[in-house]
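Notes for the one structure printed next.
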Amino acid sequence: MPEKGEILGRLTVRLGGVVRERYPHRMRAARTIKLLRERVYRAFKIPREASVLIHPELNELVWRRGAGNPPRKISVEVRVTKYKEGEKEGEEPEEVLVLPVRPVKGG
């Protein structure tokens with residue numbers, strides 16, 4: 001298992017069709033964040049009691065074009081920020097941070 005602060009991996013999530021077909025305009029960006037968090041749990045086999053934190057830059061990237069028009073594809077990097085304490089320290093992450101891979105441009 002990687003040390004604290006090291007990268008667990010990278011993930012590119014395609015959400016365009018799922019979000020646009022199933023959810024109304026006012027809910028799309030919020031649902032994109034929830035779906036992204038679920039994909040990270042599944043892809044990296046993170047236990048449900050662990051926290052998956054969304055970095056503010058990633059949140060800004062999703063909400064930049066408004067609630068109704070989130071990006072269709074998002075590339076993210078997943079890092080462990082905190083491990084569970086106990087007998088086998090470093091086995092299961094307690095807190096994971098999700099960052100955008102590309103730096104956010106514009107403002």
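Looking across the stretch 74-107, the residues that are modelled with pLDDT of 90 or more and touching a Gly at 6+ places or on another chain (Cβ under 7 Å) come down to VAL78, ARG79.
Kindly provide the set of residues from the stretch 1-58 that are in a strand (DSSP E or B) and polar (S, T, N, Q), ordered by number.
Correct list: THR12, SER51.
Of ARG28, ARG39, all but one fail to be touching a residue at least 24 places away in the same chain (Cβ under 8 Å), closer than 16 Å to VAL96 by Cβ and not hydrophobic (A, V, I, L, M, F, W, C); the exception is ARG39. Quick one: would you say ASN69 is out of contact with any strand residue (DSSP E or B) (no Cβ under 6 Å at 6 or more places or on another chain), polar (S, T, N, Q), farther than 27 Å from GLU94 by Cβ and not in a strand (DSSP E or B)? Spelling it out, ASN69 is indeed out of contact with any strand residue (DSSP E or B) (no Cβ under 6 Å at 6 or more places or on another chain), polar (S, T, N, Q), farther than 27 Å from GLU94 by Cβ and not in a strand (DSSP E or B).
Of all residues in the stretch 48-82, how many are within 16 Å of LEU8 (Cα to Cα) and either of a type in the set (Ser, Thr, Tyr) or more than 14 Å from the chain's Cα centre (by Cα) (or both)? Give the derivation first.
Taking the stretch 48-82 and keeping what is within 16 Å of LEU8 (Cα to Cα), we get 50-55, 75-82.
From what is left, the residues that are either of a type in the set (Ser, Thr, Tyr) or more than 14 Å from the chain's Cα centre (by Cα) (or both) are 51, 75, 81-82.
Counting residues in the stretch 48-82 that are within 16 Å of LEU8 (Cα to Cα) and either of a type in the set (Ser, Thr, Tyr) or more than 14 Å from the chain's Cα centre (by Cα) (or both) gives 4.
Condition check: on the phi < 0 side of the Ramachandran plot, at pLDDT below 95 and not aliphatic (A, V, I, L, M). Does LYS45 satisfy that? Quick ask: steps written out before the conclusion?
Details: on the phi < 0 side of the Ramachandran plot: no; at pLDDT below 95: yes; not aliphatic (A, V, I, L, M): yes.
The answer is no for LYS45.
The values are calculated or read from the model by the stated rules, or taken from the named source; none is laboratory data. Since this is a predicted model, take the numbers as computed values, not measurements. Counting neighbours? That spans all protein chains shown, and the Cβs are built from the backbone with ideal geometry, glycine included.
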